[in-house]
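Written below as structure tokens is the structure these notes are about.
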Amino acid sequence: MAELKDKISALCPQPQFDSEGEFLLVTVDDAQWHALAVALKEQLHFDQLMALVGMDWKDSLGCMYYLTNTATQEIIHVKVATTDREKPMLHSVSDVWAVANFQEREAYDFFGIVFINHPDMRRFFLRSDWVGHPLRKDYDENPELNPLRLDDEPNEDYTCTWVEDENGKVTKVDKKVFEDDEYVINIGPQHPSTHGVMRYRTSLDGEIVKKVDVVSGYIHRGIEKLCEGLTYPQTLLYTERMDYMAAHINRHCLCLCIEKALGIEVPHRAELIRLMMDELMRLSSHLLSYGCLTMDQGATTAFFYGFRERELIYDIFDRTCGARMSMSYATIGGVVADVHPDFVKDVRHACDVIEKNLKEYHQLFTGNVIARNRMIGVGLLSREQAIDYAITGPSGRASGVHCDVRKTHPYSLYDEFEFDEVLDTAGDSMARYMVRMREMEQSIKILRQACDKLEAEEGNEFVAPKVPKLIKLPAGHWYQQVEASRGTFGVYIESDGDPKPFQKPYRMHFQSPCFNLVGVVDLTCRDNMIADLITITASIDFVIPDIDR
Amino acid sequence: MEVKKPHIKSMKYEDFKDNEYIDQLVAELNAGGVNVVVGKLDQLLNWSRSNSLWPFCFGTSCCAIEFMCLGAARYDMARFGAEVARNSPRQADYIMCQGTITYRMAPALKRLYEQMAEPKYVIACGACTVSGGPFKNSYCVVKGIDEIIPVDVYLPGCPPRPEAMFYALMQLQRKIKVTKFLGGANRKEKRLEYVTDGKD
């Protein structure tokens, strides 16, 4: 860490360091930030922006940037703030890391921070006529300001860029989203193949897609704001309703983050149960994505096969947790209750059945001529692009990015298990599909090992014995990431160390994998046929509530 | 002619938990008096309508996954004649609203509802659509879709199990069986009020 400090000091005059937390914190002025960002990327190879967390520290507004070096897996975070609350402005880094494009739009929407030189400074989640920025601490929650509007929302034909001239004067430049002679068709928000309520404004030249403007926010539920009004154990429920196909994993992540902050040691058996639930969830998620991808290409039969096996997994959840979806099973310090007596037997059975049927899936779909023609070489995403857009999970690994958090930063008990990180290099729709299919085999492998371990485990401990009744975090901030079924899921918690008995988080941010995935829709669909837009988005496989939160 | 209590094949009348409102609807119809010819024709219409309900695919979040399970092999919606999920509101009979409706989505939902052909029905599926559910305190979540469109059946749960979805579907079938379409539809006026509400 000291070595890194010296290197960064050489890049930029007088940065402030704080190495007390888990990662090195660098605080810089906004004026130096853009130059430092370029240097960090080009000289120190911090080539991926993992998370961008907008913050309101009451006296100042700003952002936390979590950066990672994909070669060494080193992580640092940079704090940039401005004290101007009336017209907060920061320099955009969307030209350095492409993923910052949507991330900064989110920060603008939530905090009103304008990013200078950002190419497309529009709101991301809320309607264009929304008053105020909801995550600011001084936000006026008066429902009369933002009533339920039933009139149709106007199309945003113009966007703007805030340009800075040599004297430091910032001016707003309007520009058009689509040119006058472009032929734009609208897909969504209600469309069966967008996998939820997502809207693409698509510019076409004949049948070829020229540009996709993603309009998101149709299922933006304000989870981050809601979390600020609840105690820590209460916030757990929202994690399951973001990416409902990774409910256990997301909840596990938030539990890990709170446990890290409190220093709670989770019993080995409890952690093992959580890990098994995570892997079952991953299987269920990949089976669903198989079903949806096939159905989007017209192979309805394959959809039924995928759902047949998912019911097996749902039965296991049902017996142990008492619910098929939104299980609310993991808790701070372990799990809520012990597993069902037949749990291990059921898991072994499910593993056997799914392993046997995976061959059937390949017979049904993988070798199909139509499927191969529609997926091979379509929707290409290169390794560099995947890193630039912070694409993780199966979609990232299909482009050859080594990004499985279970391997790069082993959490839970993953370092005790033997499994392979599935990698492909093609980066097309077929590779993304195949990575998922092969990952299911790895999940089965992990589950089988876990079954043996759970049987060998003595006692029936399922929760840490000393979890405080009232969860109170010391002042500070923490970041935890896990490998969710669609990519790296991160939780950022900032606590002000409030001494009140029912402490609420000062800020909680969820860095969802699907938010980054939707950023490449424009890139991958460009110059492809309009019909391939559906296949490509299905192979990227995002869950809309996870994007919008 | 006397209007009888609705009977559906799948479940006995007594086994349903909330029969009061069905009783009330039957009493209302009987009080108005029903012509035998029109009544018989109505029964035929109701029988056919209640057994071929085509849903409109409208899933915004978690409940949509359970709805997909409903369509898959184990639960098999086809047993109720409701498997033909339509992607266009023009072709659907009822809209099963699965998932939270936010302020941004609300105008779209209202428009989709208005595009459906009469007779049309709404099932509010899941806690979010009934009352806002876990997101009730949010700044941009509609507190129950009955603020926007009229609802026929409320189905709680987060998300409801497929069995619960069948229960809601059967409730809707029973409701359709005691509707009077000919000679004065007993629900039409209320719907029109809703439709004109937003425009004036």
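Tell me, in nm to one decimal, what length is gained between A:Asp152 and A:His349 on full extension, where the rule is 0.36 nm per residue of separation less the Cα-Cα distance?
Result: 65.8 nm gained on full extension.
In this calculation the C-beta distance from B:Glu20 to A:Glu164 is compared with R0 = 51 Å, giving a FRET efficiency of 0.15. Over 24 Å between C-alpha atoms is what I'm after, so list which of A:Lys5/A:Lys472; A:Lys87/A:Lys211; B:Lys9/B:Lys175; A:Lys172/A:Lys210 land there. Cα-Cα > 24 Å for A:Lys5/A:Lys472; A:Lys87/A:Lys211; A:Lys172/A:Lys210; rest within. With a Förster radius of 51 Å applied to the beta-carbon distance between A:Leu4 and A:Glu141, the computed FRET efficiency rounds to 0.75.
Applying a threshold of 20 Å to the alpha-carbon distances of B:Lys5/B:Lys177; A:Lys58/A:Lys469; A:Lys356/A:Lys407; A:Lys500/B:Lys143 flags A:Lys58/A:Lys469; A:Lys356/A:Lys407; A:Lys500/B:Lys143 as lying beyond it.
To two decimal places, what compactness ratio does the range A:429-549 give when its Cα radius of gyration is scaled by 2.2 N^0.38 Å? Compared with the compact-globule rule of thumb, the range A:429-549 sits at 1.51. Panel order for A:Lys469, B:Lys180, by other beta carbons found within 10 Å of each beta carbon, from fewest to most: A:Lys469, B:Lys180.
Largest GNM mean-square fluctuation across B:Lys12, B:Lys110, B:Lys120, computed for chain B with C-alpha springs under 10 Å, falls on B:Lys12. Taking every alpha-carbon pair under 8 Å whose residues sit at least 6 apart, the range A:1-141 reaches a relative contact order of 18 percent. Candidates A:Leu517, A:Pro499, A:Ile547 compared by Cα position along the dipole of the range A:418-549: farthest toward the positive end lies A:Pro499, with charges placed on Cβ.
The Kirkwood radius of the range A:234-548, taken over pairs of alpha-carbon atoms, gives through the Stokes-Einstein law at 37 °C and 0.692 mPa s a diffusion coefficient of 164 µm² s⁻¹.
Membrane-span-like helices in chain B, defined here as complete DSSP H runs extending at least 15 Å along the helix axis by their C-alpha atoms with mean Kyte-Doolittle hydropathy no lower than -1.0, are B:20-32, B:36-50, B:162-177; this is a sequence and geometry rule, not a statement about a membrane. Residues A:Ile273, A:Ile540, A:Ile185, ranked from the fewest to the most other C-beta atoms within 10 Å, line up as A:Ile185, A:Ile273, A:Ile540.
Compute the signed sum of charges (Lys and Arg +1, Asp and Glu -1) over the other residues within less than 10 Å, Cβ to Cβ, of A:Arg122. So the environment of A:Arg122 carries a net charge of -2. A Förster radius of 45 Å, combined with the Cβ-Cβ distance separating A:Lys176 from B:Asp146, puts the computed FRET efficiency at roughly 0.65.
Taking 0.36 nm per residue of separation and subtracting the Cα-Cα distance, full extension of the segment from A:Thr27 to A:Arg526 would add 175.8 nm. Between beta-carbons, use under 10 Å as the cut-off and find the net charge around A:Ser94, counting Lys and Arg +1, Asp and Glu -1. Local charge sum for A:Ser94: -2.
For A:Cys255, A:Cys12, A:Cys321, what ranking results if the residue with the fewest other Cβ atoms within 10 Å of its Cβ goes first?
The order, fewest Cβ neighbours first, is A:Cys12, A:Cys321, A:Cys255.
Of all the Cα-Cα pairs you can form in the range A:279-350, what percent are over 14 Å apart? Of all Cα-Cα distances in the range A:279-350, 63 percent exceed 14 Å.
In plain terms, if you count all Cα to Cα distances in the range B:54-172 and split them into 10 Å steps from zero, the share in each step is 15, 50, 31, 4, 0 percent. Loop sites by DSSP among the GluC sites (Glu not before Pro) of chain A, restricted to those with at most 12 other Cβ atoms within 10 angstrom, leave A:266-417 as the longest stretch without any of them. When you work out D = kT/(6 pi eta Rh) for the protein assembly as shown at 4 °C and 1.567 mPa s, using the Kirkwood radius from C-alpha pairs as Rh and the Stokes-Einstein form, the result is 47 µm²/s.
Quick note: the coordinates plus some simple rules give every number you see, no bench work behind them. All of these numbers come straight from a predicted model, not from anything done at the bench. Positions of Cβ are backbone-derived with ideal geometry, glycine not excepted, and every protein chain shown enters the neighbour counts.
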